[in-house]
1. Residue under question is ASP106, and the condition is that it be open to solvent by 20 Å² or more (accessible area, probe 1.4 Å) and either touching a residue at least 12 places away in the same chain (Cβ under 8 Å) or in contact with a helix residue (DSSP H, G or I) (Cβ under 8 Å, 6 or more places away or on another chain) (or both); does it hold?
2. Can you tell me which condition VAL129 does not meet? The list is (1) of a type in the set (Val, Ile, Thr); (2) farther than 21 Å from ASP31 by Cα; (3) buried (at least 16 other Cβ atoms within 10 Å of the Cβ), and all the others hold.
3. Might you let me know whether the range 79-91 holds any residue that is closer than 18 Å to GLU139 by Cβ and either assigned to a helix (DSSP H, G or I) or modelled with pLDDT under 85 (or both)?
4. How many of the residues in the range 55-66 are of a type outside the set (Phe, Trp, Tyr) and in contact with a Phe, Trp or Tyr (Cβ under 9 Å, 6 or more places away or on another chain)?
5. With the condition kept exactly as written, say whether any residue in the range 133-145 is without any contact (Cβ under 8 Å) to a residue 60 or more places away in the chain, more than 19 Å from ARG29 (Cβ to Cβ), assigned to a loop (DSSP other than H, G, I, E, B) and not hydrophobic (A, V, I, L, M, F, W, C).
Amino acid sequence: MQLSEIKQVAEPMKETPSTMQMVTFAAWRDDALHSGRPADRRYVTLAELLVRLGSYGLGLTWKAQMCDEQPHPAFARMTKASAGTGIPTLELLAMDAPYLQAVDGDFEGYAGNELVLTLREFDSSSWDVRTADAWVLSEIQRRYPDARPMTSDEWDSTN
């Protein structure tokens, strides 16, 4: 195969959908985090979501924006640390904040300079996810079966 033929075959494969899709699901769960353990009411943390992203999330850098005027000091540190170029996933997971319950916040995942994923914690009651990546959406829907599509208007109303 000639180089020009390889480029023609490869170019369509690197196209990705540019339309962001959104889903929402309950932040409070009545299920067991680990199989084989009794179900208990628990809160889905940012750390849990980052881990669910697996290798997809490892290459991202994150910027955090908290809507709370007086956030927990750990969230204030995370917001400050993520300003500018952002903070890599593993560094974010090493902080205290991802393991705490937030009230309102946006956690934006970047691949280079491109925003590819937003995790929005709304009112301590739901997580909203916006991405164009089909794998991320299917993983969220697989792990959180109550995840349902959101409209742009619904997304805007949670901001």
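1. For ASP106, the condition - open to solvent by 20 Å² or more (accessible area, probe 1.4 Å) and either touching a residue at least 12 places away in the same chain (Cβ under 8 Å) or in contact with a helix residue (DSSP H, G or I) (Cβ under 8 Å, 6 or more places away or on another chain) (or both) - is not met.
2. Among (1) of a type in the set (Val, Ile, Thr); (2) farther than 21 Å from ASP31 by Cα; (3) buried (at least 16 other Cβ atoms within 10 Å of the Cβ), the lone unmet condition for VAL129 is (2).
3. Yes, that holds for at least one residue.
4. So the answer is 6.
5. The answer is no; no qualifying residue exists.
The values are calculated or read from the model by the stated rules, or taken from the named source; none is laboratory data. As the structure is a prediction and not an experimental result, all values here were calculated from the model. So basically every Cβ, Gly included, is an ideal-geometry build from the backbone, and we count neighbours across all protein chains shown. Heavy atoms of the whole protein, side chains included, go into the accessibility calculation; ligands, DNA and RNA do not. Shrake-Rupley method; radii C 1.70, N 1.55, O 1.52, S 1.80 Å.
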